[in-house]
1. State whether one or more residues within the stretch 21-43 are among the acidic types (D, E), under 22 Å from the mean Cα position of the chain (by Cα) and either modelled with pLDDT under 95 or open to solvent by 20 Å² or more (accessible area, probe 1.4 Å) (or both).
2. Can you confirm whether E309 is farther than 21 Å from T251 by Cα and in a helix (DSSP H, G or I)?
3. Check off (1) at pLDDT below 95; (2) not in a helix (DSSP H, G or I) for A202 and give me the number that stays unchecked.
4. Under 9 Å between Cβ atoms, which residue pairs at least 6 apart in sequence (or on different chains) link something in the stretch 16-33 that is closer than 9 Å to M64 by Cα with a partner that is open to solvent by 70 Å² or more (accessible area, probe 1.4 Å) and not in a helix (DSSP H, G or I)?
5. Which one of the conditions (1) at pLDDT below 95; (2) among the hydrophobic types (A, V, I, L, M, F, W, C); (3) open to solvent by 40 Å² or more (accessible area, probe 1.4 Å); (4) assigned to a helix (DSSP H, G or I) does L241 fail to meet, given that it meets all the rest?
6. So which of E182, E160 ends up being among the charged types (D, E, K, R) and modelled with pLDDT of 95 or more?
7. Mind listing whichever residues of the stretch 253-282 are in a helix (DSSP H, G or I), over 12 Å from P170 (Cα atoms) and within 29 Å of the chain's Cα centre (by Cα)?
8. If you scan the stretch 15-42, which residues turn out to be more than 23 Å from A78 (Cα to Cα) and touching a helix residue (DSSP H, G or I) at 6+ places or on another chain (Cβ under 8 Å)?
Amino acid sequence: MHADSAPRPAPLPLPDLATIQALAREDMAAVDALIRRRLASDVVLINQVAEYIVGAGGKRLRPMLLLLAAGALGHRGADAHQLAAVVEFIHTATLLHDDVVDESDLRRGRRTANAVWGNAASVLVGDFLYSRSFQLMVELDRMEVMRILADTTNRIAEGEVLQLLHVRNPDTDEAAYLRVIERKTAVLFAAATRLGALLAGADAATCDALHDYGMNLGYAFQIADDVLDYASDAETLGKNLGDDLAEGKATLPLIHAMLHGDADTRGRLRHAIEHGDTDALPDVLQAIHNTGGLEYSRRRAFDYADAAERALDGLADNDYTAALRGLARYAVSRDH
């Protein structure tokens, strides 16, 4: 799915993240309480690792998207809380597995679970969270809900493998990069917003519109995230600057620099990607700057954010719809 680049209208005043979080606070408190109840296991290590990850906080963006999508269509309730918890469990499981695969030692400014307890515990607790999420969704006894989430988790797993195939591959192009984002990030955003619409009893066209919103928001969010890896600092970002390079990941700023740099620049970037050479970071940053890689990537993120907003055009104007629009703006304007 490609966002077009139609001219953007003048921005409307939209709620900021704090206002959006305040709107969802009561429902999110119910989700957090449910998460902690359903994390419980008589295996102590599971409790320790899961609580460490879930207790780290973060913005809880994915479950909040489900609640906001349902709210935009007039639905709130225990079923939305339960599915929001499912979405957060799935996301948390992917983080545990991601950090092992990427050999990461820092996330949100804290040591990763694998750095604290080791890879084996992280993988196995990630498996626990996946299976717990399926227990929760089965309790709702809605086949369409289970189908969406089963398809989504399978696509996420495909994305993990697809990304692995592109590690230290300097020939990764923008299309391949976007295929990884679709599966690793955007499909869970899209599932969250589609499920919110489904719970509200929306018709097929409205469910599809909320799906399109989530998918485009996921692209915007991840591209903006990849820009920050070359444009922020470790203290603000909550991870090490240049981590993507260290892990051999060619993200959009670097892909753009590879495409538009001269032969010497391309040779140096190719070596840096193939070897995960963080010593080359100053050269890489200079190449990205010289080729306009950050500006290009930001434009692409804004294109997707605009497409996300347009997907909401058929919805009634209310605080929840405004919050969804506000999140599209937030996705591409944040500093961490």
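The values are calculated or read from the model by the stated rules, or taken from the named source; none is laboratory data. None of the values given here were measured: they were computed from a predicted structure. Note that each Cβ is placed from the backbone with ideal geometry, even for glycine, and that neighbours are counted across all protein chains shown. Areas reflect the complete protein model, heavy atoms only, side chains present, ligands, DNA and RNA absent. Shrake-Rupley method; radii C 1.70, N 1.55, O 1.52, S 1.80 Å.
1. Taking the stretch 21-43 as the starting set, the residues that turn out to be among the acidic types (D, E) are 26-27, 32, 42.
Those still in the list that are under 22 Å from the mean Cα position of the chain (by Cα) too: 27, 32.
Now drop any that are not either modelled with pLDDT under 95 or open to solvent by 20 Å² or more (accessible area, probe 1.4 Å) (or both), which leaves 32.
Yes, the conditions are met somewhere in the stretch 21-43.
2. Working: farther than 21 Å from T251 by Cα: yes; in a helix (DSSP H, G or I): yes.
Yes: the conditions hold for E309.
3. (1)
4. D27/R76
5. (4)
6. Numbers: E160 fails: modelled with pLDDT of 95 or more.
Only one candidate passes the filter, namely E182.
7. Taking the stretch 253-282 as the starting set, the residues that turn out to be in a helix (DSSP H, G or I) are 253-260, 263-275, 278-282.
Remaining after also requiring over 12 Å from P170 (Cα atoms): 253, 260, 263-265, 278-282.
Answer for the stretch 253-282, where residues must be in a helix (DSSP H, G or I), over 12 Å from P170 (Cα atoms) and within 29 Å of the chain's Cα centre (by Cα): P253, H260, T278, D279, A280, L281, P282.
8. Quick first cut of the stretch 15-42, residues more than 23 Å from A78 (Cα to Cα) only: 15-18, 42.
Of everything in the stretch 15-42, those that are more than 23 Å from A78 (Cα to Cα) and touching a helix residue (DSSP H, G or I) at 6+ places or on another chain (Cβ under 8 Å) turn out to be P15, D16, L17.
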